[in-house]
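**Student:** Can you keep this structure in mind? I'll have questions shortly.
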Amino acid sequence: MSFYLYRLNVILASLFTLLGAYLHVMDPVPTTSTLAWKLFLVTLASTPILFPIALQFALFPTGRKSPVIAYFLFSLFSHLSLILLEFDIAPYLPPFFFKPLTLPGFGIIPDATLDGRSIGGAPYNIPVDYLSSVPCYHGSSVFPHCILFTIAAVYSLVLTRTAPGCPSGLRQALNLMVLGQLTMVPILVFAGIQWCFDIWHVNIFIVMQLVYMNLPNLVAPHPAFVKSKKV
């Protein structure tokens with residue numbers, strides 16, 4: 001089971017990369033939820049939906065499955081309802097979630113304020129967009145999916161910390177994944193959208209390589225996979 005979940009995750013992550021490259025050229029600051037943007041969000045969500053359950057089955061093959069299945073259903077419902085229904089959770093949140101947040105520059109660089117305005121679209125007088133507006137609680141925005149992604153990364157990190165005999169490479173991968181998620185917004189605000197995604201892409205490439213080098217050894221692989229590894 002772990003092998004097939006991980007394999008599906010890798011395929012969808014590859015599609016996520018291709019769609020991201022297309023959107024960066026054709027619609028770099030999206031303000032409408034096009035079909036390409038919806039597919040981009042679905043493939044983005046594949047990792048927080050599939051990876052924790054694949055990791056759980058690999059690290060705890062004989063353990064209880066009900067907690068991770070409950071998480072899987074929660075993650076699947078949350079991501080897909082936000083994307084497909086374009087559900088906006090803003091009307092259901094208390095005012096606290098909309099207060100401007102000032103990030104200090106500690107005298108080195110100017111302070112920055114998060115108030116929902118577009119960061120990537122500011123030079124083009126775009127007030128709000130689905131990629132770089134923080135916070136933005138619309139289902140078509142990256143922001144709520146990044147929150148769910150961070151939850152999945154922390155959950156996966158806990159799994160690697162509690163599993164006996166977990167390869168150190170997997171722990172390193174999850175450490176980097178959590179670090180990348182937690183630093184994304186500060187880098188976006190202080191360094192701009194280009195540096196933010198360049199750094200995140202480098203980070204996630206290292207994460208995927210570390211996972212690929214360590215996770216397949218824990219799952220019951222398909223014979224074709226074993227053969228390809230020996231070649």
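**Student:** Between Phe98, Phe16, Phe40, where does the largest GNM mean-square fluctuation fall for the chain, given springs only between Cα atoms within less than 10 Å?
**Tutor:** Phe98
**Student:** Roughly how many debye, to the nearest 20, is the charge dipole of the chain about its Cα centre, given +1 on each Lys and Arg Cβ, -1 on each Asp and Glu Cβ, and no other charges? Don't skip to the answer; put the middle values down first.
**Tutor:** Working: 11 positive and 7 negative charges, 217 e Å.
Approximately 1040 debye in magnitude.
**Student:** A follow-up question, please. Helix 35-59: angle to the longest alpha-carbon principal axis of the chain, degrees 0 to 90, nearest 10?
**Tutor:** On a 0 to 90 degree scale, this one is about 40.
**Student:** Let me ask something else about it. May I ask you to derive the relative contact order of the stretch 36-144, considering only C-alpha pairs under 8 Å and at least 6 residues apart, and to give it as an integer percent?
**Tutor:** Relative contact order comes out at 22 percent.
**Student:** While we're on this one: Given the Cα-Cα distance of Thr102 and Leu8 and 0.36 nm per residue of separation, how much length would full extension add, in nm?
**Tutor:** Details: separation 94, 0.36 × 94 = 33.84 nm, distance 3.96 nm.
Full extension of this stretch gives 29.9 nm more.
**Student:** Take Arg64 and Val158, extend 7 Å from each Cα along the Cα→Cβ direction, and tell me the distance between the two endpoints in nm.
**Tutor:** The answer from the label model is 1.3 nm.
**Student:** Right, something else. Along the charge dipole of the chain, which of Leu170, Leu39, Phe72 sits closest to the positive end, that is, farthest toward it, with unit charges on the beta carbon of Lys, Arg, Asp and Glu (+1, +1, -1, -1)?
**Tutor:** The Cα lying farthest towards the positive end belongs to Leu170.
**Student:** While we're looking at this one, here's another question. I'd like the orientation of helix 142-162 relative to the chain: the angle between its Cα long axis and the longest Cα principal axis, in ° from 0 to 90, rounded to 10.
**Tutor:** For helix 142-162, the angle is close to 30 degrees.
**Student:** If R0 is 22 Å, what FRET efficiency do you get for Leu35 and Ile147 from their C-beta distance, rounded to 0.05?
**Tutor:** Efficiency at R0 = 22 Å is approximately 0.35.
**Student:** Between Ile89 and Thr183, what is 0.36 nm times their sequence separation minus the Cα-Cα distance? Round to one decimal in nm. Intermediate results must be reported in sequence, preceding the final value.
**Tutor:** Working: separation 94, 0.36 × 94 = 33.84 nm, distance 2.39 nm.
Contour length minus the Cα-Cα distance gives 31.5 nm.
**Student:** On to the next question. In bins 10 Å wide, starting from 0, what share of all Cα pairs of the stretch 1-145 does each bin hold, as a percent?
**Tutor:** P(r) over the stretch 1-145, rounded to whole percents: 11, 32, 30, 21, 6, 0.
**Student:** For Ile206 and Ile109, compute 0.36 nm times the residue count separating them, minus their Cα-Cα distance, and round to one decimal in nm.
**Tutor:** Using 0.36 nm per residue and subtracting the Cα-Cα distance, I get 32.0 nm.
**Student:** Just Thr162, Thr150, Thr43 to compare: in a GNM of the chain, with alpha carbon springs under 10 Å, which one fluctuates most?
**Tutor:** Thr162
**Student:** Taking the Cβ of each residue in Trp200, Trp195, Trp37 as the centre, tally the other Cβ atoms inside 10 Å and list the residues starting with the fewest.
**Tutor:** Trp195, Trp200, Trp37
No lab work stands behind these numbers, since they all come straight from the coordinates. Note that the coordinates shown come from a computational prediction; the quantities given were computed from them, not determined experimentally. No Cβ is skipped: glycine too gets one built from the backbone with ideal geometry, and neighbour counts run over all protein chains shown.
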